[in-house]
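Presented below is the structure to which this report refers.
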Amino acid sequence: MSKVIESYKKGWQFLWNHKSVLCVIYIINLLLAYLSVGPLKNYLESAFGSSTLAKKLADKFDYTIIMDVINNYGVGVGVSLSSLFTFIFIYVFWSSFTGAGVMGLVKKRKQNPDDNFKLVQFFIEGAIYFFRFLRVSIYLLFTYAVVLFLMFKFFSKDGLSVFEFESEVFLINRFWILIILFIIIAFFGSIFRDIARSFIVIEDQPNILKSNIKALKSIVIVESIALSLINLIPLVIISALYYLLRNVLNEPFIVAFIISQIFLLFRIIYRIVRCASFLEFTD
Amino acid sequence: MVFCLGTIQAQQPALSNRVANYNMDINLDTETKKLNCSTILTWTNPSADTISELYFHLYYNAFKNANSTFFKERGVPDWLTSDIDETCGWAYSHVSNFKDDAENDLSASLEYVQPDDNNPDDQTVLKVTLAKPVMPYQTQKFTFDWEAKIPKTMPRTGYNKDFFFFAQWFPKVGVYEPAGMRFAEEGQWNCHQYHSSGEYYSDFGNYEVKMNVPSNFIVASSGVNVGIEKKGERKIWHFSGHDIIDFTWTCSPHYIINEDNYKQTNIRLYTYSYKDHLKERYFPTIKFCMQFLDEHLGTYPYKTLSIVDPPIHGMFTGGMEYPTIITSLSFCFFPEGIKTPETLVVHEFIHQYFMQMVATHEVEETWMDEGITTYYEGRILDAYMGEHTSTIDVLGFKCGNKEFNRAEYFSSDSRKLAPNSAKSWHYKHGGYGDIAYNKTALWLQTLEGLLGVELMDALMKKYFQTWKFKHPSRNDFIAIFNEGVKEALPEKYPNGLDWFFQQVLFGTNECDYKVKSITNTESEAPRGFINNLDDCSAVAATLKKYNSQVIFQRDGEITVPQNLQIIFEDGSSQFFSWDGQERSFDVSVATDLKIVEARVDPEGIIMMDRNLINNYMTVQPVSGSVRKIVGKVLTKMQHLMESISLLI
Ligand SMILES: [Zn+2]
């Protein structure tokens, strides 16, 4: 278990020594999000023109105003939403790249601890492992799709015709069981992903099958689960605090924005520390 | 053995003219899904005419086969009838042994007629030719037997598993309209076929109904339960309903009953055990609603109100109104923020006033029933649960009842398919819900805005009090409002409100006013010959700094008087009125302060205005506000992207 704690500590050390990586990931997140809302901004500016109702909507959610915008200036909504989805897709690629960059960098730094760190190394390492990482992500995505399909089959095994049901209670129970099951599967899925990625970086083989098989064997090891949990616990606590704060405070927009950015930064930190600690652990 | 539940209804003074009175003995066969019934109809001729025919609704024949008008109008969605053939979910209603009080057997005269569409396959209206006419204002008794096969999961009625719901189910006599009543120029029967939309129009009367059901079944019904008699494996439930226009009942072995009271009314909630917790939502809501209507319109005079929340396999009966019994619709997992149960009980209870007590014709004038109900639904729910939270309040998504219905109306592309005055079956290609419900609610809200809520309430109360236990038409509604405004607002509306009703009831036009532009031009000294012909040089004059102008525009076809507001840079305001007739209207002022903002309808009283965004204009840029809105979306997007990358 000491290896788990040691790996976790090293994950934080890595973050501390490579703060610029955190900055890059955050800035790219912000940039992509900014670009994604561009069409929405143009659309809203043209819809509101110079209507003071824009201010009312800015202050709080207002269904009437939103629906009047959609009903009277509707065409832009679809365009704006499709742009959001496009950027989500791009970000999935970017997150594979950042995982590759972080893990590659951890390995590089372990091999040459005295070299000066240059940010470009993060991008080089990211490029080296990106496609292999992406393949892991695609396998995982495919697995989740199969799991969800099976879950749906289970959920609807007695049909979905409401008139056949005695009551909806069993549907709800089934739904919650499946949600919990999916969370467990996603938990082990993420352990698999991070260990598989670690093996890919450590062994640096073009074929990732061996890494995946080794990772599959490692996901039920207590230490892997412990490392994943140690990483997750602070995230869960901070998420809970964030949602609590958001509900309790009726803060002005700028304060809300800053709190949200701090929370986002922490989520990125979680991802970096997790990647680094899993590589340390697997190595 | 006979024992009584509650008190037997004391003989009350009649609230209505009690034209159609029924005594029914019903036997329910839960195995064959059949009803057998013997009926005594005591019918009074309400006119000076001699009546030699009776007309009856046989609603269950709408489900006899796919050739009925109801089916042809696509009244039965496919998802309701996916197993209709394999389970033989079809139904019928068959009348036999029809006799008058002289024991004349009239069965041979029974004939199906189709007054609306000449569809020969439609058997939802039965004509009986009388051997002994009913003389003016005289009463005659008729007896008949009647057998029905109960439909399976049809709209509003039928059975599924061991849940039974009987709505629009018994042979119900039509309404004889004497000359001068509603639109009748001479005495006439009003008995439409059963159409896919709209049901109600019947005469008031008393109902004495005995239901013979298996002993483990619990019955909920219109009227008051005055006794239960046990007979072997069966029980006979006796219900008595006075001064009501229809009679509906339901039974199931699984009902549990919760009770509460509002004044003299015993409220009973019939539901299944896994939904028992919803009583905490139903009772406070219904009591608030009853109090609101009590104060605003008049007292609910009946001793009972039954609320049925059907099980999931009985949801085809949910969200309906019947005399003294209403149905809701819920799922046991509904969070508090989804206000469907509250919305439905409020809506359906309002129908006790509009369609049941004020017995309008839902088929011919749907808006007087569903539209007025939707208007009060908005008022009551917004008052009870907040104007931005009374429909949904979940995870930051908030929406009030009035705003939900308004948005639903303006989102519909069927909203101009017919005027409000259309009959229910004329909404052939859609628009029924949008127009009959939501459009009416919108223009009633607008009327409330124009008249002020106090006058609106006073006139609605007058309408209710004048027409309760009667059959008004739109002309009666309009007359109450015309007289009322001429009296209360003679200067504002000297000719009444015909101009308003003409537009909203009989037309499909829409309303949209906007602020077109604001200009602040710096004043210039007058030039040319001003004071005399000897000197054309500029004269010194006391000038205001700006000549400012705001142009207002009417983009819609509907015209409504508008209040206008202009706001100066120091925050002060000036108000103007515009009759709203012309296509555009300007307000020009000489001022030392720039106009920074202009509003048409600043109080937001014209809720039928299609676009509220353009009612408000400022000369200051709104980009800061847009940035703030976009900023909120941006942070959500940031977190969403990060969440997805967490998973894969
Ligand atoms: Zn209704």
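No lab work stands behind these numbers, since they all come straight from the coordinates. The model shown is predicted, which means the values in this text are computed figures rather than measured ones. Note that we place each Cβ from the backbone using ideal geometry, even for glycine, and neighbour counts take in every protein chain shown.
Points to keep in mind about this one:
- Selection from A:111, A:77, A:171, by position along the positive dipole direction of segment A:2-282 (Cβ): A:111
- Between segment B:251-294 and segment A:122-155, the C-alpha centres lie 51 angstrom from each other.
- Anisotropy class assigned to segment A:2-282 is oblate, per the alpha carbon gyration tensor with a/c at or over the 1.5 cut-off and a/b no larger than b/c.
- Here the Karplus curve 6.51 cos²θ - 1.76 cosθ + 1.60, taken at θ = phi - 60°, turns the phi angles of segment A:116-127 into couplings of 6, 7, 10, 4, 4, 4, 4, 6, 5, 5, x, 5 Hz, with x standing for Gly and Pro.
- Euclidean distance of C-alpha centroids, segment B:404-476 and segment A:28-51, integer Å: 39 Å
- With contacts taken as Cα pairs under 8 Å at a separation of at least 6 residues, segment B:513-621 carries a relative contact order of 32 percent.
- Distance between modelled label sites at residue A:149 and residue B:79, nm, 7 Å Cα→Cβ extension: 2.5 nm
- Taking other C-beta atoms within 10 angstrom as a stand-in for reagent exposure, A:94, B:367 fall in the order A:94, B:367, fewest first.
- Whole-Hz Karplus values for segment A:35-51 come out as 5, 5, 8, x, x, 5, 4, 4, 4, 5, 5, 6, 5, 6, x, 10, 7 Hz, taken residue by residue from phi with 6.51 cos²θ - 1.76 cosθ + 1.60 and θ = phi - 60°; glycine and proline positions read x.
- The angle between the Cα long axis of helix B:401-411 and the longest principal axis of the Cα atoms of chain B comes to about 80 degrees, rounded to the nearest 10.
- Gain in span if fully extended, residue B:521 to residue B:577, counting 0.36 nm per residue against the direct Cα distance: 17.9 nm
- Mean Cβ neighbour count within 10 Å, used as a protection proxy, ranking B:589-599, B:432-442 highest first: B:432-442, B:589-599
- Given charges at beta-carbon only (K, R positive; D, E negative), |dipole| of segment B:376-504 in Debye: 460 debye
- Most mobile listed residue (A:162, A:146, A:77) in chain A, GNM with C-alpha springs under 10 Å: A:162
- Proximal aspartates and glutamates to residue B:152, defined as alpha-carbon separation beneath 17 angstrom and excluding residues fewer than eight positions away on the same chain: A:164, A:166, B:29, B:31, B:78, B:83, B:85, B:86, B:162
- Shape summary: chain B maps onto an equivalent ellipsoid whose semi-axes, from the alpha-carbon gyration tensor, are 55, 30, 22 Å in decreasing order.
- Ratio of the Cα radius of gyration of segment B:434-518 to 2.2 N^0.38 Å, where N counts its residues: 1.19
- The Cα atoms of segment A:69-202 give a gyration tensor whose axes a ≥ b ≥ c have a/c of 1.5 or more with a/b no greater than b/c, which makes the shape oblate.
- Ordering B:589, B:614, B:578 by Cα displacement along the dipole of segment B:575-614 toward the positive end leaves B:614 in first place; charges were set at the Cβ atoms of Lys, Arg (+1) and Asp, Glu (-1).
- Lys, Arg +1 and Asp, Glu -1 on Cβ, resulting dipole of the protein assembly as shown about Cα centre, debye, nearest 20: 4540 debye
- Under 14 Å, Cβ to Cβ, from residue A:112 - net charge with Lys/Arg +1 and Asp/Glu -1: +2
- Segment B:181-234-segment B:609-626 distance, computed between alpha-carbon centres (Å): 54 Å
- Residues with amide H under 5 Å from that of residue B:596, placed H, sequence gap 5 or more: B:567, B:568, B:569
- The residue list B:564, B:216, B:232 was ranked by how far each Cα lies along the charge dipole of the protein assembly as shown toward its positive end, using unit charges on Cβ atoms, and B:216 comes out on top.
- The distance between label points at residue B:334 and residue B:139 comes to 4.2 nm (points 7 Å beyond Cα on the Cα→Cβ vector).
- Tensor-based shape of segment A:172-283 (alpha-carbon gyration tensor, a/c under 1.5 rounded, otherwise prolate or oblate): oblate
- Between A:259, A:28, A:70, the residue with the greatest mean-square fluctuation in the GNM of chain A (Cα pairs under 10 Å linked by springs) is A:70.
- Shielding of A:36-43 by partner chains, average beta-carbon count, 10 Å: 4
- Placed amide H near residue B:92: partners under 5 Å, 5+ positions off or other chain: B:149
- Within-12-Å neighbourhood charge of residue B:331 [Cβ basis; K, R +1; D, E -1]: -1
- Relative contact order of segment B:478-537: 19 percent, from C-alpha pairs under 8 Å at least 6 residues apart in sequence.
- At most 16 other Cβ within 10 Å, DSSP loop - trypsin sites (Lys or Arg not before Pro), segment A:98-132: A:118
- Listed peptides B:449-460, A:149-160, B:575-586 by packing density, highest first (mean Cβ within 10 Å): B:449-460, B:575-586, A:149-160
- In straight-distance terms, cross-link reach from residue B:462 covers every one of the lysines whose alpha-carbon lies under 16 Å from its own, apart from those fewer than eight places away in the same chain; here that gives B:470, B:486.
- Nearest-20 debye value, chain B charge dipole, Cβ charges on Lys, Arg, Asp, Glu: 1160 debye
- Between 0 and 90°, nearest 10: helix B:370-385 axis offset from chain B longest Cα axis: 70 degrees
- Rounded to 10°, Cα long-axis angle of helix A:2-17 versus longest principal axis of chain A: 70 degrees
- Taking a quarter of the surface of the Cα convex hull of segment B:513-621 gives a mean projected area of 8.5 nm².
- Summary value for segment B:376-504: 13 percent relative contact order, contacts being C-alpha pairs under 8 angstrom separated by 6+ residues.
- Mean partner shielding of peptide B:609-621, defined as the number of other chain Cβ atoms within 10 Å of each residue Cβ, is 6.
- Report note on the peptides B:263-271, B:46-54: ranked by the mean count of other C-beta atoms within 10 Å, highest first, their order is B:263-271, B:46-54.
- Qualifying lysines (Cα of each under 22 Å from Cα of residue A:56; at least 8 residues distant if same chain): A:41, B:398, B:402, B:514, B:516, B:628, B:632, B:636
- Amide hydrogen neighbours beyond the local backbone of residue B:235, cut-off 5 Å, H modeled: B:213, B:215
- Working from the Cα coordinates of the protein assembly as shown, the gyration tensor eigenvalues give, after taking √(5λ), semi-axes of 61, 45, 22 Å in decreasing order.
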